[in-house]
Amino acid sequence: MTQRLVEAFDANFFSLFTAEVTLFIGLILLILIPNLGKGTFRLPGTQARIPWFLGGQRYEWNANPRLPSLIALLIMVSATIQMGMRVFSENDAILVHATGDASVRILSANPFSNLMEFFFFLALTLVILASINRLDVKNPKDKSISTLYNNRRQADFYILILTCALGMSVVALAENLFVLFVGLELASFSTYILVAFNKESKAGSESGMKYFIVGSAASGVGLYGLSLLYLWSGSLQIDILAEAWAGIGQETLPYVALGLVLVGFGFKISAAPFHFAAPDAYAGAPSTISGLLATASKAMGMIGIIKILLVITQPEALEGSAIWLWTIALLSVITMFWGNLAALGSDNPKRMLAYSSVAHAGYMLAAITAAGLWNISGDVSAQDDAIQASRTVLAAILFHLGVLIAFKLGAFLVLSVLEMESDVKSSDAIAGLAKRSPMLAVAMFIFMLSLAGVPPLSGFLSKLLVLLGIIKVAIANSASSSFLGMDVHWVWGLALAMGVNSAISVYYYLRVGVVMFFHEPVESRQGPLPRGSMIRISIAICVILTVGLGVAGEFLLDVCRSAADYLMPMMRGL
Amino acid sequence: MGSSYDEVKNALDVPSEFVFIILLPMLAFPLILYLGMKFNGQKFWKENLKEGGLVALPVMAASLVLSLVLIRRFINETSVSDTSTVFSWANFAWFTEGATTEISLYSLNFGLYVDHVTVMLLFVASFLCLLINIFSIGYMNTDEVNDNKNHRFYAEFVLFCSGMLGMVLSDSFLWLFIFWELMGLCSYLLIGFYYDKPSAAYAAKKAFLTTRVGDVFLVIGLAMLWNLFQPYASGGDALAFATVFDHSNLQMLADAGKQGALQLALGFMFIGAVGKSAQFPLHVWLPDAMEGPTPVSALIHAATMVNAGLYLVARMFPIFGDSAMMGEFSDLAFIIALVGGITACMAALIAFVQMDLKKVLAYSTMSQLAYIFTGLGAALWLANSLDWGEYPNKGIVVVAFGAALFHLFNHAMAKGMLFMASGSVIHEMHHAHHDLHHHHHDDDHHDDHGDDHHDDHFDAQSMANMGGLASRLPITATAMFVGSASIIGIPLIGGFWSKEGIIANTWRVAVEHDPRFYIPAFLVLITAGMTGFYMSRMWFMTFAGKPKTEVAEKVHEQTPWIPIPLLVLIPMSLAGIVFASLKSTYFLGYKGYKLGEDGLLEGFLYEMDHIFVNPGTNYLLVLTYIAIFLSMVLGPCAAMALHGGRLDEGQKAKPWMQWAVTLSGKLNDKYSFAGWAEKMSESSFGEALRQRLYFDKYYDMAMMKIVAGFSNLSASFDKNVVDGFAIKTIIEKGGQDSSRIIRSITTGSARDYIMMVAVGTLAIAILLWGVN
């Protein structure tokens, strides 16, 4: 793998980041095009009016309220395709440094960031596709204020989605924690508004507000941690931080900073106990946006976690394991149990999915823990195995983040269809879905099975890989404790917890199937389901991905492995 | 020195698109189901697509074409190479993560495996599936009872076909087992197609449970096999044929002294085959399975699924024939032959007294499958005990194995045809009965057709209601005639070639090598005569003599689609000699040995010479003629005397059958043995035969007393202790309670949430601090 150095905003820069530039141009177009009109501007002091083409009555061609969604879709699809080509063809890393100073790194496009961006864009494409139906335009001939209002804000919605995409790609590309934070907030602010987008609905605006308040608090804590880190090392650049961490002594400051930063990212991936606002937000938001929160937004938080925990603090490796090992292990176990137990009793499918998403965060944290452990015995010969194991775990996490888009988002999209008739507040909404629309019910059931981890669906593969990665680590590392006479490493405990939790989760995932297939539809939901071809197309894509990546996911796994390979030397400080 | 399997293997790659042979029907399953649910009752679905029949048809046709291309490729590859064993695979890895590192727990491959056995069964399965599909369109869609249910039938039908084709093509015992079970499921569903009829539901359950007994043993056998080969399966599937048939692996097993364990594993697997192929003592399900619609009987219980057990045993051939295992498995080979011999004789006996047309065929199926088992047993014995290096031995083994497989082919063709022809008879009887009824009570009989089946007691399947149909159903009667001739083994027609081979080879083992084989050898020889009797009895009772009921007088062929498969299959049985010659030319190659007949004519001359003139030794020649006498003269003549008769005045069968009818009339006039036959039938032996030798009775008793008692006990344990206490109280209540507690922390107030963030922050700080 070769590294190419590029100066920010020089001639090469734009040609290397075409997907992101496309997004940016799309954003500008989305702001401009719907606003073009016959507006004029009166020269001060005269009666002369000069047309300046903004505002006023819209032209015929841009008066169509569907226009913003189509522009956004076009932009997003083209960005996804470009990024896909980058993922499957490019293997180089591009390092963007500040003008005139090659040591100040800002962004880096590498296999890891490419893959993550691809995931983000894919998820957002599906969200846009579904939102075309979910937040449908109303007939413009109807002159009522609510119609006007609804159609006017179409543009806002897609502007926010593209902003979110831009923020997410900055997070994936960032080589500096401050840049990362800016990208994170850019994306987060968009999602705060998107959650409350339906501001006529009390639940929507309330949940958006809560999500914003708690998110701000968490961000504040995280930012405080970042400032402490800066205070400690004098830089927030990731490689410098990693270097500083490798030479850490008996200090308190960096550990406090680490803890505070973890809080910030813990909120993003909705790890317990920072997850509280998440179920409210998921339940209040339009389901397409809930899907976005549960997949892309969570993956974004995961990038932060991976960068902080694995890239920066890992090489320090106090006695062969990271300082945060126990903390994250505990956090992960609490998170999975909390998520699963709470989901167990949730009647509202959206809340159930939200809690299941919390549980999934727990699984990923468990995997991170495993990756953070290596070579406790100090035995050099075991190091290769440990590195192999960490690589497997990391690849498994990335794979999981990818396939999560297929089935978690897919499940939310099915709920979106139901939401188009009336709000989804309890399991009544999905009762008898099989009788109303067998295909949708089957799709939902496939998603549930995949979430539960049933072969041969992709959810099974990702869960199995994570689990086996953890076991691999546990085997590769020699035993540190004795249990019932057997020398076992305590990381086995994480695998065990994951197994128990998977068992618990099967209950509530399959109950969705019971409700869909065996219950009668409730009175208010007897008629045929709302139409909407776009949302069904996106659900179909999700089904195909869910099944396809489970049966033939090897190619994606390979990409995930090469992305993990890119991070490995950084993790090890090699 | 013996040769080994892998010395001669010649691996070629099968292009992976041939997997569509399996995939197409598998994908058609949800398609038909979906379309059926969506369009049921609509005209174009019912008329133009035949409720899915015409969706399934192109799929099965495509499968057949692909199969034929594959077979052709195989023949081309093998005939140009000196070594005539080709096995080859297209591999589809599911995912191989970890295959390179030390934990290789999870690699699952599916591949296609093609050799002579595969080719034979592939042709049989895909060809008959297509024909039966055509037949079903005629049979199922013209019966109002099935309206709006047929999509279910066709969906299950294609799923079954994909199971059968998958089993034949898969490259590992594991996948074989998976498809085996898929077939079991479809068989259950199809037998119970009329699940609202208690007898059908019962029959489906019985078939499923009885084969399940065998399957349990099969699983045990496979587990043992896996355990044996696991050390030698470098990271791959320990049950893959490539691993199991590998000479060096078998040699290592032999060196480790594991021959006994291997024989046990194979023995357990054989019990699975016994269940699937309805052999003694797990045969009781097959006659009851006739409750399913006739196409199902033709498909599952004659042509394809029941052959699965034979296929499994035939698959063991390379293990038996490996030099590392020489002489080790003769006991198992004997048991296989013995089970075959007993079943053959017993089933033929029971078939003597059956009055139900389909049940006669069911017992005949059991009996003929048993022939094949006997033949396989003899072939396996020879393969296992003879030294391959010596000159005539290879030829002997290959011919014996070929005879058994060839009988499978002939039987599938003939029995598929017989079942379809019986379906035709039954269908036309129904129609005639229906028409008759409507004429008689035109006004007061407006019940739907379904009630006709259940309410009045006219049995359209009983031969007691038939008779004299030869002139009324010419195509059907011809098909039955040819099919019966093939099963009986009339010289030059289909089954003759293979049956003679089986009898001769069993005797060869008995006379020259292992006297234990005299038991199965005698049994199959007698059965040849018994087959002649019961098959002829069936034909003459149905088609000759005077019509025994009013209904039988009104029968005529009127249903479209049904005659097509019959007309296709008649030549398939008649042309037995062509296939026999083809067999000698192309298919009789195994283990590097080829018979070396280069063309059809040479193959023909070889077969004729081998059977009628010079089969090697004199006693075999004598045997051949004894068998011909028994099956062709004694059995049929007895049947004619007892059950034959002339047709009504003015009725005339087609000339190729008329002579038989006339002859039977003459014989019947002269020697009807009326009193003796009565006596026999009333004797306790006759009664025992009618009660199917009491197997069902005692099995049921065992079930009711022992199994059901145990079931009830465990059911009450499950209900009261597991469900009632453990699940309800501990898990469910505990889960819901803890869920409630946990969710109660989620108050809904942002203030509390921030508070929890603070708590979390503190906790993390303490944890990080604590570690330091």
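For the reader, a short list of remarks on this structure follows.
- Among the residues of segment B:480-499, the ones that are touching a Ser or Thr at 6+ places or on another chain (Cβ under 8 Å) and of a type in the set (Phe, Trp, Tyr) come to 1 in all.
- Screening segment A:357-389 for residues that are under 20 Å from the mean Cα position of the chain (by Cα) and within 13 Å of chain B (Cβ to nearest Cβ) and picking the one that is modelled with the lowest pLDDT gives A:369.
To keep it simple, each residue is scored yes or no on (1) out of contact with any helix residue (DSSP H, G or I) (no Cβ under 6 Å at 6 or more places or on another chain); (2) surrounded by 15 or more Cβ atoms within 10 Å (Cβ to Cβ).
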residue	(1), (2)
A:20	no, yes
A:26	no, yes
A:35	yes, yes
A:60	yes, no
A:67	yes, yes
A:73	no, yes
A:79	no, yes
A:86	no, yes
A:101	yes, no
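- Candidates are the residues of segment B:463-504 that are within 15 Å of residue B:570 (Cα to Cα) and of a type in the set (Ser, Thr, Tyr); the one that is surrounded by the fewest Cβ atoms within 10 Å (Cβ to Cβ) is B:478.
- Single condition residue A:202 does not satisfy, out of (1) without any contact (Cβ under 8 Å) to a residue 12 or more places away in the chain; (2) facing chain B (nearest Cβ under 9 Å); (3) basic (Lys, Arg): (2)
- Among the residues listed as B:743, B:751, the single one being within 14 Å of chain A (Cβ to nearest Cβ) and surrounded by 14 or more Cβ atoms within 10 Å (Cβ to Cβ): B:743
- Residue in segment A:136-164 that is modelled with the lowest pLDDT, counting only those that are surrounded by fewer than 17 Cβ atoms within 10 Å (Cβ to Cβ), outside any loop (DSSP other than H, G, I, E, B) and among the β-branched types (Val, Ile, Thr): A:145
- The helices (runs of 4 or more DSSP H) located wholly in segment B:294-338 that include 3 or more residues which are within 30 Å of residue B:160 (Cβ to Cβ) and not aromatic (Phe, Trp, Tyr) occupy B:294-298, B:307-315.
- In segment A:436-461, the residues that are within 11 Å of chain B (Cβ to nearest Cβ) and in a helix (DSSP H, G or I): A:438, A:439, A:442, A:458, A:460, A:461
- Members of segment B:393-438 that are over 26 Å from residue B:135 (Cα atoms), touching a residue at least 24 places away in the same chain (Cβ under 8 Å) and polar (S, T, N, Q): none
- In this entry, residue B:757 passes the filter for residues that are among the hydrophobic types (A, V, I, L, M, F, W, C) and either within 9 Å of chain A (Cβ to nearest Cβ) or surrounded by 14 or more Cβ atoms within 10 Å (Cβ to Cβ) (or both).
- Scope segment B:178-190; condition surrounded by 20 or more Cβ atoms within 10 Å (Cβ to Cβ), over 14 Å from the mean Cα position of the chain (by Cα) and more than 19 Å from residue B:31 (Cα to Cα); matching residues: none
- Residues within segment B:171-225 that are hydroxyl-bearing (Ser, Thr, Tyr), more than 16 Å from residue B:286 (Cα to Cα) and free of Cβ contacts under 8 Å to residues at least 60 places away in the same chain, tallied: 1
- Scope segment A:63-115; condition within 29 Å of residue A:137 (Cβ to Cβ) and among the polar types (S, T, N, Q); matching residues: A:64, A:69, A:78, A:80, A:82
- Some residue of segment B:760-768 being facing another protein chain (nearest Cβ under 7 Å), farther than 30 Å from residue A:351 by Cα and outside any helix (DSSP H, G or I): no
- Positions within segment A:239-270 being aromatic (Phe, Trp, Tyr) and in contact with a Ser or Thr (Cβ under 7 Å, 6 or more places away or on another chain), in sequence order: A:245
- Qualifying residue in segment A:316-334 (condition: farther than 22 Å from residue A:389 by Cβ, in contact (Cβ under 8 Å) with a residue 12 or more places away in the chain and within 11 Å of chain B (Cβ to nearest Cβ)): yes
- When we screen B:725, B:695 for residues that are aromatic (Phe, Trp, Tyr), away from chain A (no Cβ under 14 Å) and surrounded by 12 or more Cβ atoms within 10 Å (Cβ to Cβ), the only hit is B:695.
- Those helices (runs of 4 or more DSSP H) of segment A:223-297 in which at least 3 residues are more than 14 Å from chain B (Cβ to nearest Cβ), considering only elements entirely within it, cover A:238-246, A:287-292.
- Boolean, residue A:500 is within 14 Å of chain B (Cβ to nearest Cβ), modelled with pLDDT of 90 or more, farther than 29 Å from residue B:738 by Cα and surrounded by fewer than 21 Cβ atoms within 10 Å (Cβ to Cβ): no
- Flag if residue A:169 is buried (at least 18 other Cβ atoms within 10 Å of the Cβ), polar (S, T, N, Q), part of a helix (DSSP H, G or I) and touching a residue at least 40 places away in the same chain (Cβ under 8 Å): yes
- Considered as a group, the residues in segment A:522-559 that are touching a helix residue (DSSP H, G or I) at 6+ places or on another chain (Cβ under 8 Å), within 14 Å of another protein chain (Cβ to nearest Cβ) and not in a helix (DSSP H, G or I) include one that is modelled with the lowest pLDDT, and that residue is A:553.
- Of all the listed residues (B:31, B:68), the sole one being surrounded by fewer than 21 Cβ atoms within 10 Å (Cβ to Cβ) and within 14 Å of residue B:159 (Cβ to Cβ) is B:31.
- Check on residue A:267, modelled with pLDDT under 90, over 16 Å from residue A:176 (Cα atoms) and out of contact with any Leu (no Cβ under 6 Å at 6 or more places or on another chain): no
- Members of segment B:277-301 found to be over 22 Å from residue B:195 (Cβ atoms) and within 10 Å of the chain's Cα centre (by Cα), listed by number: B:277
The values are calculated or read from the model by the stated rules, or taken from the named source; none is laboratory data. The structure presented is a predicted model; accordingly, all values stated were derived computationally and were not measured. Note: ideal-geometry Cβ built from the backbone for every residue, glycine included; neighbour counts use all protein chains shown.
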